[in-house]
Amino acid sequence: MNAQSNLPNGAQNKQALGQASEIDLMALFGALLDRKIFILFVTTLFMIIGVAVATFSTPIYQATSMIQVEEKGGSVPGFDELGGMFESTSAAVTEIELLKSRSIIGEAVDSLKLNIVAKPKLFPVIGNRAFRQYTPVQEGDLAEPSFGASSYAWGGEKIEVFKFDVPRNAIGSNFKLVALENNRFELFNGNDESILKGKVGEEISRGTFKLTLKTLIARPGTEFVLTKRDRLNTILALQAAIGASEKGKDSGIINLRLQSEGAEYAQTVLNKVASIYVRRNVERNSAEAQKSLEFLEYQLPQVKKQLEAAEQRFNDYQVKQQSVDISLETEGVLKQLVKLETQLQELELKKLEVGRKFKQSHPSYQAAVEQISVVQDQKRRLAAQVQVLPETQQELLRLTRDVEVNNEIYTLLLAKTQELDIVRAGTVGNVRVIDLAEVNTSQPVKPKKALIVIITTLLGSLLAIAIVLIQKAIHKGIEDPSEIEALGLPVYASVPYSEYQVKLTGFAKARKGKTAKAKSILAVDNPADLSIEALRSLRTSLHFAMMEAKNNVIAISGPSPGVGKSFISVNLSTVLAQSDKKVLIIDADMRKGYLQTQFGMKWDNGLSDYLSGRISLEEATKHSQVEGLDVITRGQIPPNPSELLMHENFTKLVEEVSAKYDLVIIDTPPILAVTDPAIVSAHAGSTLLVTRFGQNHVKELELTCNRFEQNGIDVKGVVFNGVVKKASNAYGYYGYYNYEYKSDK
């Protein structure tokens, strides 16, 4: 009893599971090692693709700018009564949204004509890189076209569009512009139909099509692509492209960035957006002063008319009464009335301004109402005092009051109008540009060439590994003899794959299951081959396995074609004959048998001829170049091979050769293809199956055994042929089935 048997069942199961898991992981690792050339090839291919992509990708440049948002002052100096109108605090988040609003971005689009896209037509793949790398010595220099492709731009070409109008249904469509001689051009639509033709600097129109080129530098025949983009879509795209973020929390510093293929384009657009934003900010901050100024300018003419009317009435009264003077008592009351009227007018103005900013329930509005009420009470008390004055003095007081009150109000409004005009003109926004847009042309932000190469290389290796693992998971060919033994079939020998046998067959695809017709015998040409050593081991195993057999006849079959039955049969027969045995090998595959090729014989006068009674056994039996080994070839291909094998002549043949030879080996067709092996195996004392490494599946082998069992035939064992020494199977006992052990030369 070993130590493992002392463990509880649960512990044994866990230990077995752990061992199985470990073997599976090692097998997966081994599978990767087996396909290392494939993995290396795919990885290298992807790395080359990554290098090409990194080399030919268009560089993306980033323009950056900085804007400061400041808190605004609380009031306007010298204008405290209207100071609340200018109190505002702008958060950076709010300013960012204002900066990226459609209003500001739209103005930038219109100003820079960003919805007009004009670019030269570049040669596929390499044209962009060639265009970028060309540096003109002076204005107008052009690169020479490569490959004779003169219609493409190769460097130095330039186009500036001042105006480009198209019909609504043509917005977003690409138009082709071809440069002509003498600074002329021609515009084509998508169907290569000419639309416009003219000269640079002139406005060319045709219906709703209008085009004005500001600059065109290109050789005749060079093509450009013009597109009039939708304005709203252009605005939305630019909104998404411009990045804005606050640097730190509540710092009031906004960082702007814009990425583009053109460094100059990114810098120009970002500066334009920033300048529009600053100007709009100033206009927004001076809007309240402008509104108040408009109100006062509306009131001034009316007050002036009232003043002039009051003065006219006062003069008329004095002429009528022949220059009546105001008494001292009346003059005192007049001064108080003028003061109260002026104060009341100021309070009414204040209430009006406060009412524009707040609701009537607001404390500031209520305070203004209370102040007006107090002044009105004072005015009513003075009015009572006026009633006791003489009628002439009362009238004179009223007229004088109107003149002085209107004069005071007119002076007040005029002064405030001048103050607001000064405030409006001197308004400074609460934002300012700290850094204008700049672009580092020496270091594009994209592509990250090293990162692209690394990612594509990793992607290639992962893809190759995935392919290998998927192929291993899908491929269920037997690669472990233990899978065969799990079916109750002993594995008599594991015959390694022989490269030397491939040379003998001259057929490089022999290891892929294709039928390979060798021109000679491996056991004769290279008796030290590891495959032959494995067959010698099989010879020893057969010696003991056939002790209880009914005769000395061995039938060799397999599940499917291409497993190497003929190779095993011929070389096993040769090995047996080399051990001083008298051996006969019979090619019972009367459909596709080819044993004669390995012995250098012809197929005629063979088994089919004997079974049909045309020749005798002596005529059918041929001596081979191996001493002690005779051969019966397949003979002519009969129309009924199975019926011939069921004839009594085959029974007679088996009886005669069994008595005449020490061992008789019959090579049969695959059992899953035809029924011939079952017929032959019924006369044989032992039946061996040949399966090929990585080709036959477990289910296929199960079906093969069932087919023999249905015919009452017991399969003695299996020869595992064509075993390839792989890293994935080097962790079981069969991984070291073959050691080369030969004498030194």
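The values are calculated or read from the model by the stated rules, or taken from the named source; none is laboratory data. Please read all numbers here as calculations on a predicted model, not as lab measurements. Backbone-built Cβ (ideal geometry, glycine too); neighbour counts: all protein chains shown.
When each of S616, S624 is tested for being over 60 Å from the mean Cα position of the chain (by Cα), of a type in the set (G, A, S) and farther than 24 Å from S498 by Cα, the lone residue that passes is S616. For the range 156-172, what are the residues that are assigned to a loop (DSSP other than H, G, I, E, B) and closer than 23 Å to F123 by Cβ? If the condition is that a residue be assigned to a loop (DSSP other than H, G, I, E, B) and closer than 23 Å to F123 by Cβ, then G156, E157 are the ones that fit.
Of the helices (runs of 4 or more DSSP H) that lie entirely inside the range 548-617, those containing 3 or more residues that are in contact (Cβ under 8 Å) with a residue 24 or more places away in the chain and farther than 27 Å from P527 by Cβ span 607-611. Could you go through the range 346-365 and let me know if any residue there is of a type in the set (S, T, N, Q), more than 19 Å from E408 (Cβ to Cβ), assigned to a helix (DSSP H, G or I) and at pLDDT 75 or above. Among the residues of the range 346-365, at least one is of a type in the set (S, T, N, Q), more than 19 Å from E408 (Cβ to Cβ), assigned to a helix (DSSP H, G or I) and at pLDDT 75 or above, which makes the answer yes.
Screening the candidates I671, I665 for the property of being touching a residue at least 60 places away in the same chain (Cβ under 8 Å), in the same structural domain as I585 (by TED's automatic domain parsing) and part of a strand (DSSP E or B) yields one hit, I665.
If you go through the range 213-237 and keep only what is surrounded by 16 or more Cβ atoms within 10 Å (Cβ to Cβ), closer than 30 Å to E144 by Cβ and either free of Cβ contacts under 8 Å to residues at least 60 places away in the same chain or touching a helix residue (DSSP H, G or I) at 6+ places or on another chain (Cβ under 9 Å) (or both), you end up with L213, L216.
Within the range 675-702, the set of residues being in contact with a Phe, Trp or Tyr (Cβ under 9 Å, 6 or more places away or on another chain) and either among the aromatic types (F, W, Y) or farther than 24 Å from M590 by Cα (or both) comprises just one member, F693.
With respect to the conditions (1) part of a helix (DSSP H, G or I); (2) surrounded by 18 or more Cβ atoms within 10 Å (Cβ to Cβ); (3) at pLDDT 85 or above, S537 falls short on a single one, namely (2).
Would you check if D421 is at pLDDT below 70 and either touching a strand residue (DSSP E or B) at 6+ places or on another chain (Cβ under 6 Å) or crowded, with 19+ Cβ neighbours inside 10 Å (or both)? So D421 does not fit the description; no. Suppose the filter is touching a Leu at 6+ places or on another chain (Cβ under 8 Å) and in a helix (DSSP H, G or I); does I470 pass it? Spelling it out, it is not the case that I470 is touching a Leu at 6+ places or on another chain (Cβ under 8 Å) and in a helix (DSSP H, G or I). Put simply, of A108, A153 the only residue that is in contact (Cβ under 8 Å) with a residue 40 or more places away in the chain, assigned to a loop (DSSP other than H, G, I, E, B) and surrounded by 18 or more Cβ atoms within 10 Å (Cβ to Cβ) is A153.
Annotation note: of A31, A63, A52, A108, the sole residue that is at pLDDT 75 or above, under 30 Å from T227 (Cβ atoms) and not assigned by TED's automatic domain parsing to the domain that holds A263 is A52. Contact map, the range 246-259: first residue over 18 Å from L436 (Cβ atoms), second residue part of a strand (DSSP E or B), Cβ cut-off under 7 Å, separation 6 or more or different chains; pairs are E246/I253; E246/I254; G252/Q68; G252/V69. A single member of L114, L142 is in contact with a Leu (Cβ under 7 Å, 6 or more places away or on another chain) and within 21 Å of L226 (Cα to Cα), and it is L114.
Considering only residues in the range 208-263 that are among the polar types (S, T, N, Q), assigned to a loop (DSSP other than H, G, I, E, B) and out of contact with any Pro (no Cβ under 6 Å at 6 or more places or on another chain), the one that is modelled with the lowest pLDDT turns out to be S251. When the test is whether a residue is modelled with pLDDT of 90 or more, hydrophobic (A, V, I, L, M, F, W, C), within 23 Å of T58 (Cα to Cα) and exposed (fewer than 15 other Cβ atoms within 10 Å of the Cβ), A266 does not pass it. Scan the range 169-198 for residues that are over 35 Å from the mean Cα position of the chain (by Cα) and closer than 18 Å to I217 by Cα and report the count. Residues in the range 169-198 being over 35 Å from the mean Cα position of the chain (by Cα) and closer than 18 Å to I217 by Cα: 12 in total. Mind checking whether some residue in the range 576-596 is modelled with pLDDT of 85 or more, crowded, with 16+ Cβ neighbours inside 10 Å and of a type in the set (K, R)? Yes, the range 576-596 has at least one match. When the test is whether a residue is farther than 29 Å from Q138 by Cβ and of a type outside the set (F, W, Y), G201 does not pass it.
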